[in-house]
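Data first, discussion second: the structure below is written as C-alpha cells.
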Amino acid sequence: MTVCLLLLSVVAVTAAVPVPRALTRADWPEREPVVALWVWQCLVATVLLCCVTALALGAAAVFGTVRAQLFAPAPPAVTAAYDLSTAPPVAAALTLLLACGAAWTTAMLARELVEARRRRAQARAHLRE
C-alpha cells in the first residue's frame, strides 16, 4: 500500500512539475494550440486523479471509518490485497501532506472565485455609473 501511495505521488509530482516546464519550452504548442490545450488538461486531470486516489488510499489506511466506507462494496479479498490493516508512519505523513495540499488548493480556488465575482461586480457597478 505504501508503494502504491508513493507511485501515485511520484506520477503526480512528475506530471505537475517537469512536464509543464517542458511543454512551455516546446515550439509545437504555438503551431497546434488545440492539441496543447488537450495535453495541458490531460496533465491537470492526471495530477488531480493521482492526488485524489492517493489521498483516498492513505485515508483508508490511516482511518478505519474511511476504510469501511471506501471498501464497503468490495469483496474481502480486495481489502486484503491492499493490506490496509497497518498504516506505516510514512503513509500517515503522506496522507497528511496530501490533505494539506487539497485544503490549500481548495482555499486558493475559493479565493480566486471570490476575487472574480468581486471584479465582475465592480465592473457592473462601473458600467451602471
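The values are calculated or read from the model by the stated rules, or taken from the named source; none is laboratory data. Keep in mind that this is a model prediction, so the values were computed, not measured. Quick reminder, even Gly has a Cβ in these numbers, built from the backbone with ideal geometry, and neighbours come from all protein chains shown. These area figures cover heavy atoms from the full protein model, side chains too; ligands, DNA and RNA do not enter into them. Shrake-Rupley method; radii C 1.70, N 1.55, O 1.52, S 1.80 Å.
Summary table below
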quantity	calculated
Matching entry among 46, 65, 14, 24 (being in a helix (DSSP H, G or I), over 25 Å from residue 97 (Cβ atoms) and either in contact with a strand residue (DSSP E or B) (Cβ under 7 Å, 6 or more places away or on another chain) or hydroxyl-bearing (Ser, Thr, Tyr) (or both))	24
Condition met for residue 67 (surrounded by 11 or more Cβ atoms within 10 Å (Cβ to Cβ), of a type in the set (D, E, K, R) and on the phi < 0 side of the Ramachandran plot)	yes
Those residues of region 72-99 which are open to solvent by less than 80 Å² (accessible area, probe 1.4 Å) and either in contact with a Leu (Cβ under 7 Å, 6 or more places away or on another chain) or free of Cβ contacts under 8 Å to residues at least 12 places away in the same chain (or both), in sequence order	72, 74, 75, 77, 78, 80, 91, 93, 94, 95, 98, 99
Given (1) modelled with pLDDT of 95 or more; (2) surrounded by 14 or more Cβ atoms within 10 Å (Cβ to Cβ), index of the condition residue 113 fails	(2)
Hey, residue 59 buried (at least 16 other Cβ atoms within 10 Å of the Cβ) and either out of contact with any Ser or Thr (no Cβ under 7 Å at 6 or more places or on another chain) or at pLDDT below 90 (or both) or not	yes
Every pair of residues 6+ apart whose Cβ atoms lie under 7 Å, when the first sits in region 3-30 and is of a type outside the set (D, E, K, R) while the second is open to solvent by 70 Å² or more (accessible area, probe 1.4 Å) and in a helix (DSSP H, G or I)	23/40
